[in-house]
Amino acid sequence: AVEDEQLAITPTEELLNLSILKPENIKDTLHAYQMAKRCNEKRVMAEAVKWGENGARINSISPGIVVTPLA
């Protein structure tokens, strides 16, 4: 829960200073992909609350991995 809050509200220019996003804590490319998706989801959720107070709606298009013959 603490990590999700940090991902949601940390200023963009400070995100890479979070210990959870330090290169030594990212195990592989799949983990990096998962963290990017998680961070995007949490940031959109936080912004949706702020913008919702003004009647605005925020959406995130977040497709997952798609396996194709070329993949």
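Each Cα pair under 8 Å and six or more residues apart adds its separation to the average, and for the chain the resulting relative contact order is 29 percent.
Indicate the gyration tensor shape class of the chain (rounded, prolate or oblate), computed on the Cα atoms with a ≥ b ≥ c the square roots of the eigenvalues: a/c under 1.5 is rounded; otherwise a/b larger than b/c is prolate and the rest oblate. Oblate, because a/c is 1.5 or more while a/b does not exceed b/c.
Read the figures in this text as sums done on the coordinates, not as results from a lab. This one's a predicted model, so the numbers in the text were calculated from it and none came from an experiment.
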